[in-house]
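This report refers to the structure that appears directly beneath it.
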Ligand code: COA
Ligand code: AMP
């Protein structure tokens, strides 16, 4: 007891007075004590037995033996602490002209009631529920309702088509699917129901029920046996209370692109998620309970899970749920309107969104219409932030603009300028340094840290801090193969970069076949699988080429089967349609070209990296293993015809 008190006193002193370096060192030297203290900020039903449990390493668990409920800490706790009337959620939808303000009490009651609905339709502790929904409050309610009764949710982004949805249904095997009649994109209604029906038709696993939220702009046809209208489902329902959940139970599964067409089911552990996200709100974002926090992303992505839904609610903030775009809804002043109207204190978006605004309003004329005194900081993530974008944002907003780096697997930032600890110098092009809890090393091929300034594989020393994935859904082997096998003792992030002389990280590129399109992570392997299905395609390669707005966009190179007579333009049109139909519009696959052959190594591996460099007119070294260097000239000529590979 005495030791704990002494430690607590030191901890509080360092946390309150400490510099970034001191707090970082504390978390590195005493991770268990550090995270145990952070865990005191949550309400537990039973305290943990062990802070870091490595008995089943490398599948590590934080807070094992503890019992806690995510929904209780997001909602009920704030009601119980006297904050019933505080706004939990502001729904602002320029796409439908609807705004709603929902207090913590109202959200708690709506969630409790929907938990009752899930129970009524047979969902119990540990069951999976798939959520395929647009950016509406009912999506947040569905997620929290699952958490309330210990069911595991899996949200699928609305921009994915049936096939992608089916892959997720087959892996997660949900008992119930929650969806809506439609999503809204500028100028078009995306009917979800036909996409959902088709996904269920092609999947092997079938849900018992689908609960469909009918939106005013489009009514979906319901299938009598399986589908239930959201409102009807509430008939004679008893609100459900929060159940006790094991600290190590999965809260959710979120699928993300791997290098193959099969997505990876990232598992989020309940307690680690609560502790890390709650801690991040003050330490990284420097926000306090009652502040208004806005992550302009989509709940279908990890940013939406962590920073639209969970973290702001754990911290007692008001979160904005924005169903709109940075431009066109109605103009490039949309973000500034939302900030000023809802008095946003801290905002988070992707650099692409800022580039889209800058393209339409380069002199930021529209910002002058709004008073943005409320805004204290602007965070950016999801893709590399080019210095121009960061500097332009700083200039127009006149607040710290913080680039920070993380990924679906980690669930919260790995590298950031931690505003709540100590604001460090901002270096455009760098997400600053490792956040306390993470140990970042840049490694060479023999797993040794490289010298400062040298490029290598950005890797995270094990064990990973709370909140990060303990494994992939029912696939320990893929978890080990994908992340732990290459660099012993490390988690491989898949990103390459450098740590400079000042200890700042620079994330430069991916080391695998994943591309980042408008902040969305996509698998080129998945697109290649679709292209290869075309009857005239003999082989193909998809790679990401530089794009001024979206960072990268996919480009397909196809080699045709001998004797194909079909017009090239027709084949290209076909494959573009196929990717849209099978993966979804979010793939943004709009460009392909026919080439005679693809460059390969002597062992037959397609040299995608080299093709990408040729397309982007970047210098490259001729690989010693290439089978025929002449092919590169042909490729260059083909790319020049479509506006790439400029001299
Ligand atoms: N449901 C259905 N379709 C969707 C969708 C959804 N939820 N989200 C996007 N799409 C569609 C779009 O309508 C578009 O279709 P189109 O080919 O018919 O035009 C396609 O998917 C590509 O969408 P997007 O990448 O969003 O491009 P865009 O050209 O419509 O908009 C930006 C460009 C920059 C405005 C947009 O990409 C953006 O807001 N980016 C920010 C990204 C972000 O927040 N990322 C989260 C990580 S932090
Ligand atoms: P996702 O899992 O979809 O969030 O994508 C994670 C990937 O996006 C990372 O592994 C990086 O490749 C990229 N990424 C995210 N944030 C940044 C950033 N701030 N700088 C550079 N790359 C980033």
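Can you figure out the FRET efficiency of residue 391 with residue 640, using R₀ = 30 Å and their beta-carbon distance, to the nearest 0.05?
Computed FRET efficiency for residue 391 and residue 640: 0.40.
Evaluate the Kirkwood expression for the hydrodynamic radius of the range 582-647, namely the inverse of the mean inverse distance over all pairs of different C-alpha atoms, and round to one decimal in Å.
12.9 Å
Quote the FRET efficiency, to the nearest 0.05, computed for residue 444 versus residue 225 with a Förster distance R0 of 45 Å and r equal to the Cβ-Cβ distance.
After rounding, the FRET efficiency stands at 0.15.
Between residue 232 and residue 97, what FRET efficiency follows from the Cβ-Cβ distance if R0 is 25 Å, with the result rounded to 0.05?
0.40
Pulled fully out, how much extra length does the chain show between residue 109 and residue 533, if you take 0.36 nm times their separation in residues and subtract their Cα-Cα distance?
Gain on extension, residue 109 to residue 533, equals 147.8 nm.
Residues of the range 401-417 with amide nitrogen under 13 Å from the 7 Å Cα-to-Cβ point of residue 502?
Correct set: 417.
Quick one: divide the alpha-carbon radius of gyration of the chain by 2.2 N^0.38 Å and tell me what you get.
Computed over Cα atoms of the chain, the ratio equals 0.95.
Considering Cα pairs under 8 angstrom that are at least six residues apart, work out the relative contact order of the range 275-367 and quote it in whole percent.
30 percent
Say each of residue 360 and residue 647 gets a label point 7 Å from the Cα, pointing the same way as Cα to Cβ; how far apart are those two points in nm?
Result: 3.9 nm between the two label points.
Could you compute how fast the range 424-534 diffuses translationally, taking Rh as the Kirkwood radius over C-alpha pairs and applying Stokes-Einstein at 10 °C with viscosity 1.306 mPa s? Give it in µm² per second.
It comes out at roughly 102 µm²/s.
For the chain, what is the mean residue ellipticity at 222 nm derived from helices alone (per DSSP H run of n ≥ 4: -39500 (n - 2.57); sum divided by total residues; nearest 500 deg cm²/dmol)?
Only helices count here, giving -8500 deg cm²/dmol.
Under the definition of Cα pairs under 8 Å and six or more residues apart, what whole-number percent is the relative contact order of the range 152-194?
28 percent
Among 384, 168, 226, which comes first, then next, by fewest other beta-carbon atoms within 10 Å?
So the residues, fewest neighbours to most, are 226, 384, 168.
What distance in nm separates the two pseudo spin-label positions at residue 620 and residue 343, each 7 Å out from Cα along the beta-carbon direction?
The two pseudo-label positions are separated by 5.5 nm.
Please give the Cα centre distance for the range 550-587 versus the range 604-647, rounded to the nearest Å.
Between the Cα centres of the range 550-587 and the range 604-647 lies a distance of 19 Å.
What percentages make up the Cα-Cα pair-distance distribution of the range 235-285 when the bins are 5 Å wide from 0?
Percent of pairs per bin, in order: 4, 16, 13, 15, 17, 15, 11, 6, 3, 0.
Relative contact order of the chain, please, whole-number percent, based on alpha carbon pairs below 8 angstrom and at least 6 residues apart.
11 percent
log₁₀ I(q)/I(0) of the range 463-614 at q = 0.10, 0.18 Å⁻¹, via Debye over equal Cα point scatterers, no solvent, to two decimals?
With one equal scatterer per Cα and no solvent, log10 I(q)/I(0) is -0.46, -1.17.
Tell me, how many Å apart are the Cα centres for the range 455-484 and for the range 118-153?
About 26 Å separates the Cα centre of the range 455-484 from the one of the range 118-153.
Give me D for the range 151-302 in µm² s⁻¹, whole number, from Stokes-Einstein with Rh from the Kirkwood sum over alpha-carbon pairs, 25 °C and 0.890 mPa s.
My calculation gives 138 µm²/s for D.
So if I restrict to the alpha-carbon atoms in the range 421-483, what is the Rg, and what is Dmax, the biggest pairwise distance, in Å?
Here Rg and the maximum Cα pair distance are 14.7, 43 Å.
Can you tell me the Rg and Dmax of the range 296-387, counting just the alpha carbons, in angstroms?
Cα radius of gyration and Dmax of the range 296-387 are 13.0, 38 Å respectively.
Report, in whole Å, the centroid distance computed from the Cα atoms of the range 250-265 and the range 276-300.
Taking the Cα centre of the range 276-300 as reference, the centre of the range 250-265 is 24 Å away.
Give the percent of DSSP beta bridges with both residues in the chain that are antiparallel, rounded to the nearest 5.
If we restrict to bridges inside the chain, about 60 percent are antiparallel.
So how do 24, 104 line up by other beta-carbon neighbours within 10 Å, fewest first?
The fewest-first ordering by Cβ neighbours comes to 24, 104.
What is the order of 527, 591, fewest Cβ neighbours within 10 Å to most?
591, 527
Each value in this text was obtained by applying a stated rule to the coordinates, not by laboratory testing. Just so it is clear, the model here is predicted, and its values are computed rather than measured. Cβ coordinates were reconstructed from backbone atoms using ideal geometry, including for glycine residues, and neighbour counts include every protein chain displayed.
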